[in-house]
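Beneath this line is the structure, given in structure tokens, with notes to follow.
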Amino acid sequence: MSLSFLRHTAYLSSFPLPIRFISFTAMPKALQNPVLQNPGSEVVGIVPKKRVRKRRVEIIAKEVKTKSPDEKFLRHPDIEDFANKSDNIYSRSIQHPANWESVIEGIRRMRSSEHAPVDSIDPDEGMTSLQPKERRFAELVGSLLSSQTKGHVTHEATQRLLENGLLSAGAMDKADEDTIKSLIYPVGFYTRKAKHLKQVAKICISKYDGDIPSSVDELLLLPGVGPKIAHLVMIMAWNKVEGICVDTHVHRVSNRLGWVSRPGTKQGTRSPEETRVSLQQWLPKEEWVSINLLLVGFGQTICTPLRPRCAKCTVSELCPSAFKEISSPKKKL
């Protein structure tokens, strides 16, 4: 727009460019307002970014109130006040995957019509007779054994430990390591896991009076315990939901559905832990417990590691990976 069209200074207040881009020598004298003589300032009428940011803090600060016996007082908002606020600018930046609710509902229908190996395992078998401390320790032992091991193998190993009275911290600590190895075989890495079980039992006795840690941070300090095991134990032993349990099936299916990505990219996650963090950014917390069993069974029956059964999948139209994975190549001679 030519400056010859500007007829009065009031119009200039809505001009979108900073004054430094306007030549004062080309302006009529009537437009050379003293207010506009600083080339480094922004045009009148445009709210500076700092003022907008300060205003946001003030709005949230008014809502962050606590009560004392005498009066209400205002405190400065913590970073958690911004992160936990449902309508703040941070939560708006996290987009839900398209049609995720329809996908979950479709997977639920498929799971209800087809039996998966994970459905045949009763985690409470034989556990009802245990005392609360022993039951929690048994959940920790079962979770430790489940890493890199099929569900039915883990379940059978846990039952053998139960039958031999080793599902308590005291009994496990006194047991011979070779005996533990023979009872948990053939779980994956059974030699290493037998050593870890002995170490965990000793820590539980010395630090927790025979019980197990009651927080994710403390559980992660135990030998052999990673994020998946820690969150699983919190749910199974303490009935606390603090994260999603992500195993190889949840990791694979979530990436195929396009539900997860690495920060700042559109590329899929590279590990179950990255998948857990990405899922928790958008999946409602009420789905955090059920999503594991749902996707594990779906990954065992339909969305299998090799040659997924896309033709049988009822949500293939909503899956960006449908019919794209070919059979594994033949082994070279």
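Fully extended, how many nm does the chain gain between LEU220 and ARG309 (0.36 nm per residue separation, minus their Cα-Cα distance)? It would help to have the intermediate numbers written out before the result.
On the way: separation 89, 0.36 × 89 = 32.04 nm, distance 3.65 nm.
This chain segment gains 28.4 nm when fully extended.
Which entries in the list LYS133/LYS285; LYS133/LYS240; LYS150/LYS181; LYS181/LYS202 go over 21 Å, if you measure between the two C-alpha atoms of each?
Details: LYS133/LYS285 27 Å; LYS133/LYS240 16 Å; LYS150/LYS181 17 Å; LYS181/LYS202 17 Å.
Going by Cα-Cα distance, LYS133/LYS285 fall outside the 21 Å limit.
With a 1.4 Å probe and all protein chains kept in place, how do THR128, THR275, THR265 rank by accessible area, largest first? Each step should come with its number before you reach the end.
On the way: THR128 120, THR275 0, THR265 60 Å².
If we order THR128, THR275, THR265 from most to least accessible, we get THR128, THR265, THR275.
Just add up the charged neighbours of THR191: K/R +1, D/E -1, any other residue whose Cβ is under 14 Å from the Cβ of THR191. Could you put the intermediate results ahead of the total?
Values: positive: LYS181, ARG192, LYS193, LYS195, LYS198; negative: ASP176, GLU177, ASP178.
Net charge around THR191: +2.
Considering only protein heavy atoms, with the full assembly of protein chains and a 1.4 angstrom probe, order GLU139, GLU274 by accessible area, largest first. Write out the running numbers ahead of the final one.
Details: GLU139 20, GLU274 55 Å².
Correct descending sequence by accessible area is GLU274, GLU139.
The values are calculated or read from the model by the stated rules, or taken from the named source; none is laboratory data. All values reported here derive from a predicted model rather than from experimental measurement. Backbone-built Cβ (ideal geometry, glycine too); neighbour counts: all protein chains shown. Please note that ligands, DNA and RNA were not included when accessible areas were found on the heavy atoms of the full protein model with its side chains. Shrake-Rupley method; radii C 1.70, N 1.55, O 1.52, S 1.80 Å.
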